[in-house]
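Working notes for the structure below.
What follows is calculated from the coordinates using simple rules that are stated; it is not laboratory data. None of the values given here were measured: they were computed from a predicted structure. In this analysis, Cβ positions are derived from the backbone assuming ideal geometry, glycine residues included, and neighbour counts consider all displayed protein chains.
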Amino acid sequence: MLYEESGEITEDEIKEAIADCEIIERYLQDKPYPSFPLFGQTKQKRPPHIVCAPIEVEKVLVIITVYEPDSSQWIDYRRRK
């Protein structure tokens, strides 16, 4: 499934993608907190990657970055080629 890039990823699209997402990698050595890239899709099937760090003590999810994955570098936007 190829997706055509659509420019800026909106806050609503981030919320849509996080609502039903999966962890695609784990960076447990990251400091100050372990981080996790998430794959989710928006209602329009846009596949952003959302790198975040959960801070369990504070019950907070810190979003580090959000980006549009390059389909030439990912298999189904979930695994690196």
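Things to note:
- Taking each residue as 0.36 nm, the span from Ile64 to Tyr33 lengthens on full extension beyond its C-alpha to C-alpha distance by 10.1 nm.
- Each principal axis of the chain carries a Cα extent, and these read 38, 28, 19 Å when sorted largest first.
- Estimated 222 nm signal from helices in the chain, with DSSP H stretches of n ≥ 4 weighted -39500 (n - 2.57), rounded to 500: -3000 deg cm²/dmol
- Short-range pairs are left out: with C-alpha atoms under 8 Å and at least six residues apart, the relative contact order of the chain is 24 percent.
- For the stretch 5-36, applying the loop criterion from DSSP together with a ceiling of 15 other beta carbons within 10 Å to the GluC sites (Glu not before Pro) yields Glu5, Glu8, Glu25.
- A simple rule links phi to the HN-Hα coupling: the Karplus curve 6.51 cos²θ - 1.76 cosθ + 1.60 with θ = phi - 60°, which for the stretch 42-51 gives 7, 4, 8, 6, 6, x, x, 9, 10, 8 Hz, with x for Gly and Pro.
- Filtered chymotrypsin sites (Phe, Trp or Tyr not before Pro), the chain: DSSP coil and at most 16 other beta carbons within 10 Å: Tyr3
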